[in-house]
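Encoded as structure tokens, the structure appears first; notes follow it.
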Amino acid sequence: MNLQRNKASWVLILFSSSLVQNDAFIPYPLRSSRASRTTVSMESNQFSPEETTKGIISRRNLLQGLGSTLAASTLIQPQEAYATVFFDPDRYGDKELKIATVNKLRQNVRSTILTDPILATQFLRISIIDALTFDASTGEGGPDGTVVSAILGAPASSPLVYLKPAATKLFEIATKIKKTTEITMADVVAFAGAESIETLGGPRITIQLGKLDSNKPPKNPSYVDLSTTDGIVNGFVKAGLSEREVALIFGAIGSMEKIVAATKKDDDDMEEENEMGDVAVFIPSSFGAPQEIYGKRIGALDNSYFESVATALKKKTPVSSAAFQNDKVGGWAIKYAGNKGGFLRDLPEAYEKLMGLGASYTGGKMGNLLDKSAA
């Protein structure tokens, strides 16, 4: 009989211990409080030192201790899960449907940029601001598309107000596509940034579609200020990125701005009235090279912007972008100024890192996560 009692006692002891020590049953945000819960439960036990030393524990005291442990554990309420950017690779259906969605996105974004090239750098800036809501130290935030509604609702005093024309266009593109197929604002923003780079002569960048729109917009989002050196660099570093990514992304912006300025000048020089007194309207063409099937590309990205930045830094004259006033970012600019192919080779990786911040995959098959042929 005593042997059976001892066996039952040890089973209860092991069971109560496992409730405290097994992390598998504790939500991630609560695991750090494990030690404190153990302390609380031990203080509430009624075992005397003599009983503990001799291994003599009554069932009544054992059950009291176990009850205290269970009561302490039930007092801890679940906490709200960290915000992340969820991906469902199968959101848009099979491969053919995904390709059709990509084509619609590319055609709408490119035709919008060709009508007004200034929107290209604005689309890219919106995608950057959206992504840099991610905080690597907490795992919260990321490119979920909520920045569009924030920009559209921004007051006149907001530093985001200059992006309203581009945000309006992104909203219109999403609304138009939704008439025939499903699309999320998060995907529209990420894809628009990549397509802006390609439309202005940059490399094609693979974007994994399937982001889910956030059901709960961030309560107090912190949007980076892309007009200051500290705002830019600190925003990238906080998100877990480096000065190298800053140099690549803002090198692209600087090169794109040069192309847009040159295009505007050419348009002003060539603008003529026809026999009816009207100025000819630009109509995007779908003829040309494979990359121009959705409209002609404007200009060609190269490392010439880095060369101008490197020259300015060496002469200690002002640079056109605040990002390159940081010593480390400037160092990367000098490196890419001397490497013609390096910039175009490394830019897609930098943008993909930016758009992958806070990603958490859900649904679909693992093989689809690696299938980028649709993009």
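So for the stretch 151-205, Kirkwood radius off the Cα pairs, Stokes-Einstein at 20 °C and 1.002 mPa s: how many µm² s⁻¹?
The Stokes-Einstein estimate is 172 µm²/s.
Checking the table Lys211/Lys238; Lys258/Lys335; Lys104/Lys353; Lys169/Lys316; Lys264/Lys340; Lys169/Lys328 against a 30 Å threshold on Cα-Cα, which pairs fail?
In this structure, Lys169/Lys316; Lys169/Lys328 exceed 30 Å between Cα atoms.
Can you pull out the GluC sites (Glu not before Pro) in the stretch 111-194 that DSSP calls coil and that have at most 12 other Cβ atoms within 10 Å?
Those that pass, being in a loop and sparsely packed, are Glu182.
Each reported figure results from applying straightforward, stated rules to the coordinates on display, with no laboratory input. For clarity, every value in this text was computed on a predicted model and none was experimentally measured. Cβ sites come from the backbone with ideal geometry, for glycine too, and all protein chains shown count toward neighbours.
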